[in-house]
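Read through the structure below, which is laid out as structure tokens, and then see the notes.
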Amino acid sequence: MIDYRIEVGSAHAHRFLVTLRIAQPQARQRLSLPVWIPGSYLVREFARHLSPLSAQQGQRVLEVQQLDKSSWVVDCPGKGALTVTCEVYAFDTSVRAAFLDSRRGFFNGTSVFLKAEGFEDQPQRVKITGLPKGWGVATGLLPLKVNAQGLGDYEAPDYDSLVDHPVELGTFWRGTFTAKGVVHEFVVSGASADLDGPRLLADTQRICEAQIAFWHGRRKPAFERYVFLLNAVDDGYGGLEHRNSTALICARRDLPRVGRPVNTDAYQTLLGLISHEYFHTWNVKRLKPAEFAQYDYTQENYTQLLWFFEGFTSYYDDLFLVRCGLIDTARYLKLVSRTVSGVLALPGRKVQSVAQSSFDTWVKYYRSDENTPNATISYYTKGSLVALALDLTLRREGKSSLDAVMRELWAMSAGGPIDEAQIRAALLKLGGRSFDAELDAWVHGTDDLPLQGALVAFGIDWVTDAATLAQRLGLRVSESALTGVKVSHVLRGGAAERAGLSVGDEVLALQGWRLRRLDDALRLLVPNTPATLLVARDQRVLSLSLVLSAAAAPAGAGVTLKQSAKPAAPAAALQKAWLSA
Ligand SMILES: [Zn+2]
């Protein structure tokens, strides 16, 4: 039996005290801490926040030998239980690690629980204790013996499960609802006293019921209960999925409040996040890449399939909002427009496929820099458009839909690991033809997706927006009275790149006139005519020659999707079936 005990060492100094007890340790007992947390594909080196370990067997103090950045070994001469203690510094405000201060605590097991190697498959118990007065516990972990506030003993069947249950500590708002027979708990930390909890519960319930019905029809899902852990902060946004819970962050002002107008766009964005993380309960936590069948916590776990697991989840998150009536079609089309425009604004879409983007996420997506738009494409955004293109194609051909393909994959794999061949097989089976050409081009290629024609067939017009000057020049800037105009990105193949502009340049003047804002250049530039641009770079002033192209719709211009004024009857029927499925 593996037992952990976690308590507050010092709240204001952000230190948890963690004890691991192994009843019957191996003679050479290895211990390790994960370097990453599933769902967030970056090596984060959680061990950097551990204090030196100390170990004891009975009264005997044992030496702990460190093997590498995240693993240790203890020679255990006796037969008794091995006890290992350490402090964990916890001051990460994201959903990916651990946090503790005098107001609140939060942790993922990957940050605090050393793995007792050789005992991964055995039950792992956790005692949560020693919290400041009045604090409670919220987690999806199975409670064994806990008090009304949730302090006490929890159990997980194995280490993988243990570290897949984040824990919220402190004083928080708590509400519950039932969806298709499953109890859902919603915990909000940090909200103002006028939080409209009932509205949050009712809206979330609609999403949960729709998603359970999507995957299981009238049957119950495989989990007994589900917990939303939402932390409301001054400013923030994000979420991380787990098997029967999710940890979320939102801005306090975006939550609905009793008797006050709701910031509709922001609240709908939060509902989209809730929908996204909940959809992951199936897509990536159970239906998962074959490479994730057994996580390796010691290093990067590569897969080419995040376009499916993140991209398709991103497709379904807002689609469920419109299908549930939480947003209207106009708002839905606005959200899709934003995604399409975002992808078109990235020259990197011509450089990297979404399969490559998935594989390289460990060093690219999660480590973005000024070159990211030129070199990469997001498997979230383009992945969601691959889902859209597939769904529209399947529906238009009249044999199936992406909904049915998702359920087929679930049935094929019994809610387990899949590979790309199975995705192709499910498309072939339900679509009545091979979709290999589409997947080769859309997932492994870099051409733009044929969305415009597909959307027209669903009664949706595609209108190219007027390009901004920055888009026409192929650059992005930050502007303020204090810093002036500073170049943050130079986009591949654009006028700015041809002129020799570089990231970090301060744009000073054009044609002898001082520029306070980039748009001041609009009245000075004549299309296809060289203009003299002065920039400051490393204390020197440089003179560059800038030519604005006369092209009407330059690369990077955004798109607005709108309902057609008078769609043909077949298009209207297709749209209705798609958005109200
Ligand atoms: Zn996700």
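The values are calculated or read from the model by the stated rules, or taken from the named source; none is laboratory data. Nothing here was measured: the structure is a model prediction, and the numbers come from that model. Don't worry about glycine lacking a Cβ; one is built from the backbone with ideal geometry, like all the others, and counts go over all protein chains shown. Side chains included, ligands, DNA and RNA excluded: accessible areas come from the protein's heavy atoms. Shrake-Rupley method; radii C 1.70, N 1.55, O 1.52, S 1.80 Å.
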> How many of the residues making up region 22-33 are open to solvent by less than 30 Å² (accessible area, probe 1.4 Å) and aliphatic (A, V, I, L, M)?
Replying inline: 3
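Table: residues versus (1) surrounded by fewer than 16 Cβ atoms within 10 Å (Cβ to Cβ); (2) not in a loop (DSSP other than H, G, I, E, B).
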position: 7; (1), (2): yes, yes
position: 12; (1), (2): yes, no
position: 20; (1), (2): no, yes
position: 61; (1), (2): yes, yes
position: 83; (1), (2): no, yes
position: 86; (1), (2): no, yes
position: 96; (1), (2): no, no
> Can you name the residue in region 311-339 that is acidic (Asp, Glu) and in contact (Cβ under 8 Å) with a residue 40 or more places away in the chain and, of all such residues, is least open to solvent (accessible area, probe 1.4 Å)?
Replying inline: 317
> Hey, among the residues in region 278-293 that are open to solvent by 10 Å² or more (accessible area, probe 1.4 Å) and within 16 Å of the ligand (Cβ to nearest atom), which one's nearest to residue 415 (Cα to Cα)?
Replying inline: 286
>> Looking only at residues that are in contact with a strand residue (DSSP E or B) (Cβ under 6 Å, 6 or more places away or on another chain) and assigned to a loop (DSSP other than H, G, I, E, B) in region 39-58, which one is surrounded by the most Cβ atoms within 10 Å (Cβ to Cβ)?
In response: 39
> Taking the condition among the β-branched types (Val, Ile, Thr), touching a helix residue (DSSP H, G or I) at 6+ places or on another chain (Cβ under 6 Å), at pLDDT 95 or above and within 24 Å of residue 52 (Cβ to Cβ), does residue 163 pass?
Replying inline: yes
> Hey, any hits in region 543-557 for a residue that's outside any loop (DSSP other than H, G, I, E, B), modelled with pLDDT under 95, among the polar types (S, T, N, Q) and surrounded by fewer than 17 Cβ atoms within 10 Å (Cβ to Cβ)?
Replying inline: no
> Could you give every pair whose Cβ atoms fall below 6 Å, whose first residue belongs to region 449-462 and is acidic (Asp, Glu), and whose second residue is surrounded by fewer than 17 Cβ atoms within 10 Å (Cβ to Cβ), counting only separations of at least 6 or pairs across chains?
Replying inline: 461/562; 461/564
> Only one residue in 465, 440 is acidic (Asp, Glu) and without any contact (Cβ under 8 Å) to a residue 12 or more places away in the chain. Which one?
Replying inline: 440
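To keep it simple, each residue is scored yes or no on (1) touching a helix residue (DSSP H, G or I) at 6+ places or on another chain (Cβ under 8 Å); (2) acidic (Asp, Glu); (3) closer than 25 Å to residue 373 by Cβ.
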{"site": "436", "(1), (2), (3)": "yes, yes, no"}
{"site": "441", "(1), (2), (3)": "no, no, yes"}
{"site": "464", "(1), (2), (3)": "no, no, yes"}
{"site": "473", "(1), (2), (3)": "yes, no, yes"}
{"site": "476", "(1), (2), (3)": "yes, no, yes"}
{"site": "479", "(1), (2), (3)": "yes, yes, yes"}
>> Of all residues being outside any strand (DSSP E or B) and within 16 Å of the ligand (Cβ to nearest atom) in region 22-38, which is farthest from the chain's Cα centre (by Cα)? Just the residue, please.
In response: 36
> Is it the case that residue 306 is within 12 Å of the ligand (Cβ to nearest atom) and either modelled with pLDDT of 95 or more or out of contact with any strand residue (DSSP E or B) (no Cβ under 9 Å at 6 or more places or on another chain) (or both)?
Replying inline: yes
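Residue-wise test of (1) touching a residue at least 60 places away in the same chain (Cβ under 8 Å); (2) over 25 Å from residue 106 (Cα atoms).
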{"position": "19", "(1), (2)": "yes, no"}
{"position": "22", "(1), (2)": "yes, no"}
{"position": "25", "(1), (2)": "yes, yes"}
{"position": "33", "(1), (2)": "yes, no"}
{"position": "41", "(1), (2)": "yes, no"}
{"position": "45", "(1), (2)": "no, no"}
{"position": "57", "(1), (2)": "no, yes"}
{"position": "60", "(1), (2)": "no, yes"}
{"position": "70", "(1), (2)": "yes, no"}
>> Against the conditions (1) more than 21 Å from residue 314 (Cα to Cα); (2) open to solvent by 30 Å² or more (accessible area, probe 1.4 Å); (3) free of Cβ contacts under 8 Å to residues at least 40 places away in the same chain, where does residue 370 fall short? Just the number, please.
In response: (3)
> Restricting attention to region 427-486, which residues are polar (S, T, N, Q) and either in a loop (DSSP other than H, G, I, E, B) or farther than 23 Å from residue 357 by Cβ (or both)?
Replying inline: 434, 446, 464, 468, 478, 480, 483
> How many of the residues in region 340-349 are under 13 Å from residue 462 (Cα atoms) and buried (at least 22 other Cβ atoms within 10 Å of the Cβ)?
Replying inline: 1
> Out of (1) part of a strand (DSSP E or B); (2) open to solvent by less than 70 Å² (accessible area, probe 1.4 Å); (3) under 17 Å from residue 454 (Cα atoms), what's the single condition that is false for residue 562?
Replying inline: (2)
> Which of the residues that make up region 379-403 are of a type in the set (S, T, N, Q), open to solvent by 20 Å² or more (accessible area, probe 1.4 Å) and within 18 Å of the chain's Cα centre (by Cα)?
Replying inline: 381
> Could you say which residue among 72, 36 is buried (at least 18 other Cβ atoms within 10 Å of the Cβ) and within 28 Å of residue 240 (Cα to Cα)?
Replying inline: 36
> Restricting to region 174-196, what's the tally of residues that are under 24 Å from the mean Cα position of the chain (by Cα) and either outside any strand (DSSP E or B) or of a type in the set (S, T, N, Q) (or both)?
Replying inline: 3
>> Every residue in region 132-173 that is open to solvent by 30 Å² or more (accessible area, probe 1.4 Å) and part of a loop (DSSP other than H, G, I, E, B), please.
In response: 132, 133, 134, 147, 148, 149, 151, 157, 158, 171, 172
> Among the residues of region 242-271, which ones are within 11 Å of the ligand (Cβ to nearest atom) and either part of a helix (DSSP H, G or I) or open to solvent by 50 Å² or more (accessible area, probe 1.4 Å) (or both)?
Replying inline: none
> Hey, among 296, 234, which residue is surrounded by fewer than 20 Cβ atoms within 10 Å (Cβ to Cβ) and closer than 30 Å to residue 443 by Cα?
Replying inline: 296
> From 505, 519, 538, which residue is open to solvent by 20 Å² or more (accessible area, probe 1.4 Å) and free of Cβ contacts under 8 Å to residues at least 40 places away in the same chain?
Replying inline: 538
> residue 411 fails exactly one of the following numbered conditions: (1) open to solvent by less than 10 Å² (accessible area, probe 1.4 Å); (2) in a helix (DSSP H, G or I); (3) not hydroxyl-bearing (Ser, Thr, Tyr). What is the number of that condition?
Replying inline: (1)
>> If I filter region 566-577 for residues that are open to solvent by 70 Å² or more (accessible area, probe 1.4 Å) and in contact with a strand residue (DSSP E or B) (Cβ under 7 Å, 6 or more places away or on another chain), do I get at least one hit?
In response: no
